[in-house]
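Q: Below is a structure I'd like to ask you about.
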Amino acid sequence: MAKSALLKVILLGDGGVGKSSLMNRYVTNKFDSHLFHTIGVEFLNKELEVDGHLVTLQIWDTAGQERFRSLRTPFYRGSDCCLLTFSVDDGQSFSNLSNWKKEFTYYADVKDPDNFPFVVLGNKLDVPERQWCRENGGHPYFETSAKDSTNVASVFEEAVRRVLAMDDRVDPLIHSNTVDLQRKSPPESTCC
Ligand SMILES: Nc1nc2c(ncn2[C@@H]2O[C@H](COP(=O)(O)OP(=O)(O)OP(=O)(O)O)[C@@H](O)[C@H]2O)c(=O)[nH]1
Ligand SMILES: [Mg+2]
């Protein structure tokens, strides 16, 4: 069998987005729900075959916390691919991706960032309610696509359901300015 190529892949992203968990899941198929923050860098190897190519993947897991910046950046050089990681329940971790890309490009000395193989990874897809919704009154949450119509009707139906639920709780007289969903004729136009 042909000798497998060694590819260095590096995981970058904010502290806590799940870089170590992703590496551990992929290499050892284990998950720890109380993992400690990484200090510096660690790596694990995994052999795999992709489209007939035998590859030894050397996965480098880095510390995402800002205070460990000087410990991780010396290891960027020589990476063949960079996995920019965020967590879907943490909007800031997504906003920070451009900083991570900049940091990597600088310290890995990437000459042509537009043609470097970056892969973006949104982790914690299992989290049922996204953090902001949870912290701001438990609002229902939908992911939509206006282009392919995914969940679009569901959102508007849920909006109506929420209004109806309010009307059930509150005296209807207080709501004299709201639209009556039962009314047959449209409200009179007040346009000039
Ligand atoms: N629900 C859920 N929790 C996750 C997932 N991935 C990681 N976690 C949890 O999130 C926490 C942080 O995960 P880590 O893998 O340590 O995050 P990290 O990116 O390596 O963080 P640093 O080492 O500080 O850079 C841990 O308690 C994990 O158990 C996931 O996909 N879903
Ligand atoms: Mg880690």
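Q: Restricting attention to region 128-140, does a residue exist that is surrounded by 10 or more Cβ atoms within 10 Å (Cβ to Cβ), at pLDDT below 90 and of a type in the set (A, V, I, L, M, F, W, C)?
A: Yes, that holds for at least one residue.
Q: I'd like the full set of residues that are modelled with pLDDT of 95 or more and assigned to a loop (DSSP other than H, G, I, E, B), limited to region 1-16.
A: Within region 1-16, 14, 15, 16 qualify.
Q: Sticking with this one: Among the residues of region 1-48, write down those that are more than 12 Å from ligand 2 (Cβ to nearest atom) and of a type in the set (Lys, Arg).
A: Within region 1-48, 3, 8, 25, 30, 46 qualify.
Q: If you check every pair at least six apart or on different chains, which have Cβ atoms under 6 Å apart with a residue in region 124-142 that is over 20 Å from residue 157 (Cβ atoms) and of a type in the set (Val, Ile, Thr) first and a residue that is modelled with pLDDT of 80 or more and within 12 Å of ligand 1 (Cβ to nearest atom) second?
A: If the second residue must be modelled with pLDDT of 80 or more and within 12 Å of ligand 1 (Cβ to nearest atom), the pairs left are 127/89.
Q: Return yes or no: is residue 127 within 19 Å of the chain's Cα centre (by Cα) and farther than 14 Å from residue 21 by Cβ?
A: Answer is no for this residue.
The values are calculated or read from the model by the stated rules, or taken from the named source; none is laboratory data. Keep in mind it's a predicted model, so treat the numbers as computed, not measured. Backbone-built Cβ (ideal geometry, glycine too); neighbour counts: all protein chains shown.
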